[in-house]
Protein chains: 2
Amino acid sequence: MMSCEQARGADTPSPCPHARSREGCVDCKVRLLSICAALDAGELCELESLSHPACFEPRTTLFLQDEPAEIVYNVTDGVVRLYRLLPDGRRQIVGFALPGDFLGLSMADRFGFSADAVTRVTTCRFPREVFSAFVDTKPHLLRRLHEFASHELSLAQDQMVLLGRRTAEEKVASFLMSLRDRWARVTGASVTVPLPMGRQDIADFLGLTIETVSRTLTRLARERALLIVPDGVRLLDLPRLERLAVA
Amino acid sequence: MMSCEQARGADTPSPCPHARSREGCVDCKVRLLSICAALDAGELCELESLSHPACFEPRTTLFLQDEPAEIVYNVTDGVVRLYRLLPDGRRQIVGFALPGDFLGLSMADRFGFSADAVTRVTTCRFPREVFSAFVDTKPHLLRRLHEFASHELSLAQDQMVLLGRRTAEEKVASFLMSLRDRWARVTGASVTVPLPMGRQDIADFLGLTIETVSRTLTRLARERALLIVPDGVRLLDLPRLERLAVA
DNA sequence: CGTTGAGTTGACCATCGTCAACAGGAGTGG
DNA sequence: CCACTCCTGTTGACGATGGTCAACTCAACG
């Protein structure tokens, strides 16, 4: 499980050619999804002056659990996996960050999980101390951060129900449906759900093995509930999947 | 699983004779553990004027998932179980609230889970709108709420690792160790861990069945890792339990 | 002294994990 | 261009962990 070597992306972020020059925060396509939606034009401009764009190649690390959280991240494009490891190497993915998600919500001095890029990822980064000071002058931004954290907590509780009380088939169906809903906010509704993460990532998110994930997807495909396409699935029998994914 | 009838406590909170008359917030024994520690004497007094003490008998309901969150709660004594149900009755307990814990951290307009009293529980209650308005005038209190929520999120992620990637024996050991640590903050350190919740509650928290919890505890007791006492366990072989509970 | 409900224990079994083999695509070098 | 490796994903055979079902103990309570 997880034997791959991973390049460290954070120390040498790719120059990410057009990350800043191309557009400002005002034109940012995830602004309304992200914490930034709490800011007016002037505040946005202030925040922009504090931001450092950075992008990460697939399979590079943004940060590691327990390391000092010098930097917080706003994900503007791509998918990031967030995970914790047990000493013997077992891994639990605690979430996937999509465009608009914020890493470092807690503003604690250390990261509570590790994060690495699944796809090519672009981010706005902020030195944590600077960002924290900025937040202290903007109570409505703190409110927004708190709403985001509360939403994360609710998702975490959903995931507890899934991990503790659902069968493999229900887990896979729930995962697909909730990922579909999250993509809908970013890219618009679609019955085709992109799965940029590998089967091992899905397994480590659902508390299953890669074989069980593979078998379950195959079976759902054989029974015409979905169609496996390159890097994703197309949902066919929505009522059935909905039924499996309830609550 | 969970077939017991439950009285509704919230509509008819017991008078709770000495809840307010006995002591004010200044003398509250969980003040320093709770969100109230963020307040100075004057603010505490303000908040006190907004609070309504209430207590709940064992097995009564504080509130139900998805119902409008008219009230938020500060638990001052006792243990509350927080849970979500699947339509078919499967239950996942997402946490146990101990003295000092706050229910309604998210300040969302509906509760994300149901809550009922395990022991006799005493609380300070606040109308949510009133509390929310109070928070809006006290950014440092919002900070504290946010820290509490962030801590909850971190605990939720611990629980995801536990549910997704640990064996029954590891789950039980982790549960006991982390409960011991939480009690330590409230009642002081001890190798005797009170377990006021029943086996079914523990099972529904750990993603196991009551039989597996019972068997696992019995085995750990037979192997002298712990001693089962009325309403709790005494931890004997701490190194071994620590090893099972790592990370 | 019977009833009830929680907890324990045993026998059996199913779901999912383990181990192994195989398929197919991407990249590499002769 | 082809052979080769590497990696991811799929599939099958088998087994173990933990679930299911049932019986039993015991304390609390009337």
Exercise for review: Report, by residue number, each residue of segment B:82-114 that is of a type in the set (A, V, I, L, M, F, W, C) and under 9 Å from the mean Cα position of the chain (by Cα).
Suggested key: B:82, B:96, B:97, B:98, B:102, B:103
Practice item. State all residues of segment B:169-190 that are surrounded by 20 or more Cβ atoms within 10 Å (Cβ to Cβ), more than 14 Å from chain A (Cβ to nearest Cβ) and of a type in the set (Lys, Arg); if no residue qualifies, say none. Key: B:180
Check your understanding: In segment A:144-168, which residues are at the interface with chain B (Cβ under 7 Å from one of its Cβ atoms), of a type outside the set (Ser, Thr, Tyr) and over 30 Å from residue B:210 (Cβ atoms)?
Key -> A:145, A:146, A:149, A:152
Review point. Is at least one residue of segment A:191-200 under 30 Å from residue B:115 (Cβ atoms) and within 14 Å of chain B (Cβ to nearest Cβ)?
Key: no
Exercise for review: Name, by its number, the condition in (1) outside any helix (DSSP H, G or I); (2) more than 30 Å from residue B:89 (Cα to Cα); (3) out of contact with any strand residue (DSSP E or B) (no Cβ under 7 Å at 6 or more places or on another chain); (4) in contact (Cβ under 8 Å) with a residue 60 or more places away in the chain that does not hold for residue B:190.
Suggested key: (4)
Exercise for review: Would you be able to say whether some residue in segment B:153-168 is closer than 19 Å to residue B:79 by Cα, more than 16 Å from the chain's Cα centre (by Cα), within 16 Å of DNA strand D (Cβ to nearest atom) and buried (at least 18 other Cβ atoms within 10 Å of the Cβ)?
Suggested key: no
Review point. Any residue at all in segment B:221-242 that is within 15 Å of DNA strand D (Cβ to nearest atom), farther than 18 Å from residue B:181 by Cα, within 14 Å of another protein chain (Cβ to nearest Cβ) and β-branched (Val, Ile, Thr)?
Key: no
Revision key, fill the gap. Within segment A:84-128, residues of a type in the set (S, T, N, Q), assigned to a loop (DSSP other than H, G, I, E, B) and over 22 Å from residue B:142 (Cα atoms) come out as A:119
**Study point:** Some residue of segment A:36-49 being hydroxyl-bearing (Ser, Thr, Tyr), surrounded by fewer than 18 Cβ atoms within 10 Å (Cβ to Cβ) and farther than 26 Å from residue B:245 by Cα
**Key:** yes
Practice item. Would you check if there is a residue in segment A:211-220 being hydroxyl-bearing (Ser, Thr, Tyr) and under 21 Å from residue A:117 (Cα atoms)? Key: no
Exercise for review: Considering every residue within segment A:218-234, establish whether at least one is more than 12 Å from DNA strand C (Cβ to nearest atom), more than 17 Å from the chain's Cα centre (by Cα) and within 30 Å of residue A:32 (Cα to Cα).
Suggested key: yes
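Just so you know, all these numbers are worked out from the coordinates, no wet-lab data involved. Worth saying up front: this structure is predicted, and the values here are computed from it rather than measured. Cβ sites come from the backbone with ideal geometry, for glycine too, and all protein chains shown count toward neighbours.
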